[in-house]
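As C-alpha cells, the structure follows; a few thoughts come after it.
The values are calculated or read from the model by the stated rules, or taken from the named source; none is laboratory data. Treat the numbers as computed from the prediction; the structure is a model and nothing was measured. Please note: Cβ atoms are built from the backbone with ideal geometry, for glycine as well, and neighbour counts cover all protein chains shown. The protein model used for the area step is the full one, side chains on, heavy atoms only, and it has no ligands, DNA or RNA in it. Shrake-Rupley method; radii C 1.70, N 1.55, O 1.52, S 1.80 Å.
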Amino acid sequence: MPLDATGKRMSALPGPIVRSVDAPVAITSGDRGGARLAEIFPADASEIAAGTDILKRGHCSPDVFILRRGWAFLYRILPDGRRQVLNFALPGEVLNRRGGIGRAATESVQALTDAAISAMPRDRLDAAAQRAPDIARQLAVLSETDRLLAYEHMTSIGRRSARGRIASLLLELFCRTHRRLPETPNETAPMPLTQNVIADALGLTSVHVNRTLRGLRDEGTVRLRHGSLTVHDPARFAALADLSRELFALITHADGHDCEAARVR
C-alpha cells in the first residue's frame, strides 16, 4: 500500500490498490511471444500523485507493484538528510521484487510524476513464474538489468566526469523509453527529471548539473527542458555517454552484436 512522507499508510486513495486476487492468476500465451508479465497483474490501478512514496524503506509489504503509467525512482535517505537516487522505474517495470513477507524493503520508491500502479501478492507472482517459463525469463531479465544498471551508475559516480555522468544517465533513459539509440538529429524523449533529482542520482550539486546541462545545450549535443530531452547530435551524445553494449542490449532487447550495439562500447 502506498505510504505518505511520514511512512503511514495512505487512506485517501480512490479505492483499493488491488481489485481482487482471490481468483487464479491468468497467464496468456500464444502468438504474441508467450506469457506477458504485465498481463498477470490485476487490471485495476490506483492513481499515485507525484511526490508520493509507493514504498518506504523498512516497510514489510507482501505485494509487488507494476508501474502502469508515469515514472518513479528508488532512493535512500542518509542520516544527515541527504538523498541518493538509486534507479528510475518506467512504465511496465515491477517494483519490490526482491522483498518478501517478513522482509523489509531495502529502498524507498517515490512517484516522480503522477503515476498509476497495480499490485498483487508476491506469492501469486512466484506461482505464475513457476507455471510460465516466459514470466520467469522476464523476471530474470529485470534482475539482470538491475545489476548492470547498478554497475553503470557506480562507474559514473566513481570515474566519469560530470558531463559523462549526465550524458550516460540521459542516454540510458532515452534507450529505456525508445528501446533504441537516438537515430536522427532533434529527436525527443520524455524526460521528467529535475536538476535536483539528477544531482541526487549522480553525486553532483544542482548548481553543477545546471552548468553542465547548459554546456551540453550550448555545444549542440542535447537539451533538457520542460520534461523533454532533445538530442541534437546523436553520435556525440552516444560517445560522451559511453553506455556499455551489454546494458544497451538488455534495455533495448537488442542483440549485443548488432549494428546498434556497435555504436556503444
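Some values worked out for this structure:
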quantity: Unmet requirement for Ile117, which otherwise passes all of (1) assigned to a strand (DSSP E or B); (2) open to solvent by 20 Å² or more (accessible area, probe 1.4 Å); (3) of a type in the set (A, V, I, L, M); calculated: (2)
quantity: Pair list, Cβ under 7 Å, 6 or more apart: the stretch 222-240 residue closer than 17 Å to Arg211 by Cα and open to solvent by 40 Å² or more (accessible area, probe 1.4 Å), other residue assigned to a strand (DSSP E or B) and modelled with pLDDT of 95 or more; calculated: Arg223/Thr230
quantity: Selection status of Leu213, in a helix (DSSP H, G or I), out of contact with any His (no Cβ under 9 Å at 6 or more places or on another chain) and in contact (Cβ under 8 Å) with a residue 60 or more places away in the chain; calculated: no
quantity: Any hit, the stretch 128-142, residues being surrounded by fewer than 20 Cβ atoms within 10 Å (Cβ to Cβ) and in a strand (DSSP E or B); calculated: no
quantity: Positions within the stretch 191-207 being within 20 Å of the chain's Cα centre (by Cα), exposed (fewer than 15 other Cβ atoms within 10 Å of the Cβ) and not in a helix (DSSP H, G or I), in sequence order; calculated: Thr194
quantity: Failed condition for Arg163, given (1) within 27 Å of His59 (Cα to Cα); (2) open to solvent by 40 Å² or more (accessible area, probe 1.4 Å); calculated: (1)
quantity: When residues of the stretch 69-82 are limited to those that are under 17 Å from the mean Cα position of the chain (by Cα) and farther than 14 Å from Ile117 by Cα, the one most open to solvent (accessible area, probe 1.4 Å); calculated: Arg76
quantity: Unique match (being farther than 30 Å from Thr184 by Cβ and touching a residue at least 40 places away in the same chain (Cβ under 8 Å)) among Arg163, Arg103; calculated: Arg103
quantity: Within the stretch 17-68, tally of residues that are open to solvent by 50 Å² or more (accessible area, probe 1.4 Å), closer than 18 Å to Asp134 by Cα, at pLDDT 50 or above and part of a loop (DSSP other than H, G, I, E, B); calculated: 1
